[in-house]
Amino acid sequence: MALKNKHYPHLFTPLDIGFVTIKNRILMGSMHTGLEEAKSGFERLATYYAERARGGVGMIITGGIAPNIEGSSGAKLSTNAEAAQHKIVTDAVHNADSDVRICMQILHEGPLASNDICVSPSGIRSRISKFTPAKLSEDGIEKQISDMVNCAQLARAAGYDGVEIIGSAGYLISSFLVKKTNLRTDDWGGSYENRMRFALETVRRIRAAVGDEFILIFRIAAMDMLQGGMSWDEVVLLAKRMQDLGVNIISSHFTWHEAAIPTIATMVPRAAFSSVTGRLRKELDIPTITSNRINMPKIAEAVLARGDADLVSMARPMLADPDFARKAKQGKDDEINTCIACNQACLDHLFTGQHVSCLVNPRACNETILNYLPVDRAKNIAVVGAGPAGLSFATIAAERGHQVTLFDAADEIGGQFNLAKQIPGKEEFYETLRYYGRMLELHGVDLRLNTMVTTDMLMGGGFDEIIIATGINPRTPDIEGINHAKVISYIDVIKGQRPVGKSAAIIGAGGIGFDIAELISHSGCSSSLDIELFAKEWGIDFDNHPRGGIAGVETVITKSTREIYLLQRKTTPVGRGLGKTTGWTHRITLNRRGVNMLNGVQYLKIDDEGLHILVHDQPQTLNVETIIICAGQTSQRTLYDELQEGGLNVSLVGGAYEAGELDAKRAIDQASRLAAVI
């Protein structure tokens, strides 16, 4: 009998599902990367997945692959030639670790497919889709089922250990299940028994085609966050029917893409939805998978220990750290590069047609392009600035074998991350700073805090290379009265160095402006740290599970006691430039708190009466006690200019290179790429 892992006994217990054993309970969940459609993309995918297999995961589920053209926004599997491409991936994973199972997700996007021949049960266009789908005829339904069966057979031929059939999120199968998207009056619509028919028939035929010894996972919308969504009884009935048809594992999914409730953003508490899976698990005799905002081993272990699931799906955490499972098994949690659920380089990229990567790990999906190889000759390198760019460069360069000295005038590492972590809902930045702190120790970086670096110090320090990562200074806009006593910077607000009055105007509605509005409109505990409070703010009933999890539930959010104005020069909607997958959540939150968001603003002057502005050319005076400047940044590069004049080998990274809107994704990526080649 195998010994229990002393660090995480539940997480590293094998799971026997009869004909195959999954070596641990860590599942790399499905995430499309964009590589599926890229030139030489399958070779890159193979390296990407193989690295996670070597990193110790028990099972991998690929990004979604469509069974035909009409169900696709990109990659499909419908021919033998396409199956040969997939075999590159499965061979790489099994060669990396023969005990790792890899399943392909069959994703028929239905009404959400980005093409003009998309299909659905009733021809109803989703509010988030560009295209109106065609209503499926009886023959059309038969074709879709046959194509999914063919896709599963090809997946088996390609070497996959199984498939996951996605029946959630607003894709084709789930659009049959819900009344609001299935208005049919034939045998495929009407009663719930009929609305289940498409899902059940698809799975029945797939099981018959692939045989018994092939993993079948069905992903169910356990709580779809949809008005008019599935009831709890309907969820349970569907799961039990799937179990009867020979599905091996039920994977629980939460929300449809068009639902206006966050489920994966950093503002969502860790493991917020696992109790729903736990309730469903009690109804079944087969294993269940839970997911969403589970990003550290202790969270996953607790989920399993409570009996909420049999497997824990973590997709983005495997982008952030391919060795997540190995480090957890060894009890090296402090070395895990934690997913902070920012979505900036993963989902925001995916939904804007870019290749997926990771803000905290730019190597993700770039494993064939970006590698940190040992150096031929170690250099003595100085890095000035211990913000995101400086930390990234210093740790990677030291890992490669360079001798690195990292300077910062502050008494702690982190730079702008030390501001970000103070914003309610962004507490995950503490994890990133913990990780960097450990990497500095592990790779022997000489860290010198509380050190104001001078040109003479660097010129006389014997350094072969100098990296300037001094970041930014807040930009001071040219407004009459800008030095008035009412005016303070966003840094003063976050650090609590200047009080904010009962009324405030925020100049600038970029990411920082929204953060400041969140901070000063907020009171009490951060809902990202409290599942019950989060549920109240977003109108979710975890205890009673009404239809969709939200039917009849009112949101309970405290209006701000301050009168707040969030101001933007552009005439576009306020917040339009925020992340595609998270920006809407911030806009909703501030609206509910009563924050006034104004666009088309011109700033005239500041005086004792307040802030004088034009709003769409109409004059207005905001009689506020405090005016907070969030009007962009300028680069700190004086030191760089002086060193260049002195003839030293000096480079700029991060905000010192390009200020703009603060962009940790760009800063870390740039610094990582420089550290990889220096």
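Set against the labelled values (i) 81, 75, 63; (ii) 76, 55, 45; (iii) 75, 64, 45, Cα extents along the principal axes in Å computed from this structure falls on (iii). The angle between the Cα long axis of helix 197-210 and the longest principal axis of the Cα atoms of the chain comes to about 80 degrees, rounded to the nearest 10.
In summary, the aspartates and glutamates within cross-link reach of LYS559, defined as a Cα separation below 13 angstrom excluding same-chain residues under 8 places away, comprise GLU518, GLU537.
Between 0 and 90 degrees, the angle of helix 232-244 with respect to the longest Cα principal axis of the chain falls at about 60 degrees. Amide H contacts of CYS346: SER357, LEU359, each under 5 Å away and 5 or more positions distant or on a separate chain (H built 1.01 Å from N in the peptide plane; Pro and chain starts excluded). From helices alone, the chain scores -9000 deg cm²/dmol at 222 nm; the rule is -39500 (n - 2.57) for each run of n ≥ 4 DSSP H residues, then divide by the residue total. Counting neighbouring beta carbons within 10 Å and listing from fewest to most, the residues CYS339, CYS118 come out as CYS118, CYS339.
When you filter the GluC sites (Glu not before Pro) in region 329-419 for DSSP loop state and at most 14 other Cβ atoms inside 10 Å of their Cβ, you are left with GLU412. Any of LYS570/LYS605; LYS486/LYS665; LYS4/LYS240; LYS39/LYS87 with alpha carbons more than 22 Å apart? Name them for me. With Cα atoms farther than 22 Å apart: LYS486/LYS665; LYS4/LYS240. The angle separating the long axis of helix 41-54 from the principal Cα axis of greatest extent in the chain is about 90 degrees. Take every pair of alpha-carbon atoms less than 8 Å apart whose residues are at least six positions apart; their mean separation over the length of region 598-652 yields a relative contact order of 20 percent. Temperature 20 °C, viscosity 1.002 mPa s: under these conditions the Stokes-Einstein estimate for region 550-629, based on its Kirkwood radius over C-alpha pairs, is 149 µm² per second. Taking trypsin sites (Lys or Arg not before Pro) across region 479-529, the ones in a DSSP loop with at most 13 further Cβ atoms lying within 10 angstrom of their Cβ are LYS502.
How big is the C-alpha Rg of region 88-203 next to the rule-of-thumb value 2.2 N^0.38 Å, as a ratio?
So the Cα radius of gyration is 1.19 times the expected 2.2 N^0.38 Å.
Mind listing which trypsin sites (Lys or Arg not before Pro) in region 211-317 are in a DSSP loop and have 11 or fewer other Cβ atoms within 10 Å? Answer in residue order: LYS282. Across region 609-615, coupling constants 3J(HN,Hα) worked out from phi with the 6.51/-1.76/1.60 Karplus curve, θ = phi - 60°, read 6, x, 9, 8, 9, 10, 10 Hz, and Gly and Pro carry x.
Computed from phi, the 3J(HN,Hα) profile of region 176-185 under the Karplus parametrisation 6.51, -1.76, 1.60 (θ = phi - 60°) reads 6, 6, 9, 4, 5, 10, 10, 9, 5, 10 Hz, with x in place of Gly and Pro.
Amide H contacts under 5 Å for ALA410: ASN450, THR451, restricted to partners 5 or more places along the chain or on a different chain, H placed in the peptide plane at 1.01 Å from N.
Once the mean of 1/r is taken over each pair of separate Cα atoms and inverted, region 15-350 shows a Kirkwood hydrodynamic radius of 19.8 Å.
Taken over the Cα atoms of region 1-148, the convex hull encloses 150 Å³ per residue.
We did not get these values from a lab; they are worked out from the coordinates using the rules stated. Everything numeric here is computed off the predicted structure, so don't read it as measured data. Cβ: placed from backbone, ideal geometry, glycine included. Neighbour counts: every protein chain shown.
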